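First the structure, in the form of structure tokens, and then the observations on it.
The values are calculated or read from the model by the stated rules, or taken from the named source; none is laboratory data. Remember, predicted model here, so these are calculated numbers, not experimental data. Note that we place each Cβ from the backbone using ideal geometry, even for glycine, and neighbour counts take in every protein chain shown. The protein model used for the area step is the full one, side chains on, heavy atoms only, and it has no ligands, DNA or RNA in it. Shrake-Rupley method; radii C 1.70, N 1.55, O 1.52, S 1.80 Å.
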Amino acid sequence: MKNTVITFRQAKEKGEKLTMLTAYDYSTAKLMDESGINSILVGDSLGNVILGYEDTISVTMEDMIHHGAAVSRGAENALVIIDMPFMSYQTSVYDALVNAGRLMKEGRADAVKLEGGTEVCPQIKAIVDAGIPVCAHIGLTPQSINAFGGFKVQGKNEAAAKKLLEDAKAVEQAGAFAVVVEGVPKKVATIITEQLSIPTIGIGAGNGCDGQVLVYQDMLGMFSDFTPKFVKRYADIGDIMKLAFETYIEEVKSGVFPSEQHEYAVDDSVIEKLY
Ligand code: KIV
């Protein structure tokens, strides 16, 4: 069954947890989809884990469309959300609408995600009014890393926690169907979750949220540049990949690979004619 914004609403009503992972390509999306994930986020974290940037600032609309379309082709049942990259919506409501439209038309997204609270509500409202579902994203929003002065947990003092709650209510009011809450103390994220009627999807926000999202390279041990405290490693695929690469190198060098089972045969009469 295809997951939709209705699935998200019903999950919140029934108190059922929602699952989300990031993906950036067709074959990974297909594996996740077959595993029964509710939603796949084509995050602008692709700047870090796919393109090797230090942050998400340089990610372009073209990057998001290219990877988003690949994921959409692999996801039959998961709700595909594509991130709006830095400066594709902050500049104006018009830009936000045009770029959200491109992610839908060219990236084949089911929904878009953008970062920010009250300040991006006009953009959220305009996109939702155009019939495009929006997932909001508050807390430690990586596109604002320079304003935060680094990857810092948000909402730790009274004013910051109150601002987060205000942002959460504002994005709900603007029409977002869900909100990602990132890098926020568990107790603050839990209060936000209790006070909203749309689902909260936590990342580094504790288990009081309505759902969880992780970057898949983090949870599979495939990305070692940095690992935030909130990441749980479900497999060490990076080690398995390295071992396979090393074995391949060894076997090619020693002539073990390819062996007969990987070769194509030809009639000897053809070969004789070649001498
Ligand atoms: O870009 C991303 O992967 C994200 C998640 C970390 C929520 O926004």
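Enter the accessible area of residue 4 (Å², nearest 10), with the probe set to 1.4 Å and all protein chains included.
Approximately 50 Å² of residue 4 is accessible to the 1.4 Å probe.
Amide H of residue 180 versus every other amide H placed in the peptide plane: which residues, excluding those fewer than 5 positions away on the same chain, fall under 5 Å?
Sorted by chain and number, the residues that satisfy this are 136, 137, 138, 201.
Multiply the residue separation of residue 152 and residue 13 by 0.36 nm, subtract the distance between their alpha-carbon atoms, and state the gained length in nm to one decimal.
46.9 nm
Report the accessible area of residue 65, computed with a 1.4 Å probe over the heavy atoms of all protein chains in place, in Å² rounded to the nearest 10.
Estimated to the nearest 10 Å², residue 65 gives 20 Å².
List the chymotrypsin sites (Phe, Trp or Tyr not before Pro) within segment 212-271 that DSSP assigns to loop and that have no more than 13 neighbouring Cβ atoms inside 10 Å.
Details: sites: 216, 223, 226, 230, 234, 245, 248, 264; in loops: 223, 226, 230, 234, 264.
Answer in residue order: 226, 234, 264.
Using DSSP to call loops (not H, G, I, E or B), can you name the GluC sites (Glu not before Pro) in segment 172-268 whose Cβ has at most 16 other Cβ atoms within 10 angstrom? Don't skip to the answer; put the middle values down first.
Numbers: sites: 172, 182, 194, 246, 250, 251, 260, 263; in loops: 263.
When the GluC sites (Glu not before Pro) of segment 172-268 are filtered for loop state and at most 16 Cβ neighbours within 10 Å, 263 remain.
Taking only Cα atoms, what is the 0 to 90° angle, nearest 10, from helix 5-14's long axis to the longest principal axis of the chain?
60
Return the lysines within reach of residue 253: Cα separation strictly under 20 angstrom, same-chain partners fewer than 8 residues apart disregarded; answer none if there are no such residues.
Cα-Cα hits under 20 Å: 242.
For a distance above 19 Å, tell me the whole-number percent of Cα pairs in segment 1-116 that qualify.
When every Cα pair of segment 1-116 is considered, 44 percent fall beyond 19 Å.
Pull out the extension gain between residue 58 and residue 2, defined as 0.36 nm times the separation in residues minus the alpha carbon to alpha carbon distance; nm, one decimal.
16.9 nm
Straight-line reach only, C-alpha to C-alpha below 20 angstrom: list the lysines that residue 152 could link to, leaving out same-chain residues fewer than 8 apart.
Qualifying lysines at Cα under 20 Å: 162, 163, 186, 187, 229, 232.
What is the distance in Å between the Cα centroid of segment 255-274 and that of segment 108-125?
Each part reduced to its Cα centre gives a spacing of 58 Å.
How much of residue 188 can a 1.4 Å solvent probe reach, expressed as accessible area in Å² and rounded to 10?
Here the residue's solvent-accessible area equals roughly 30 Å².
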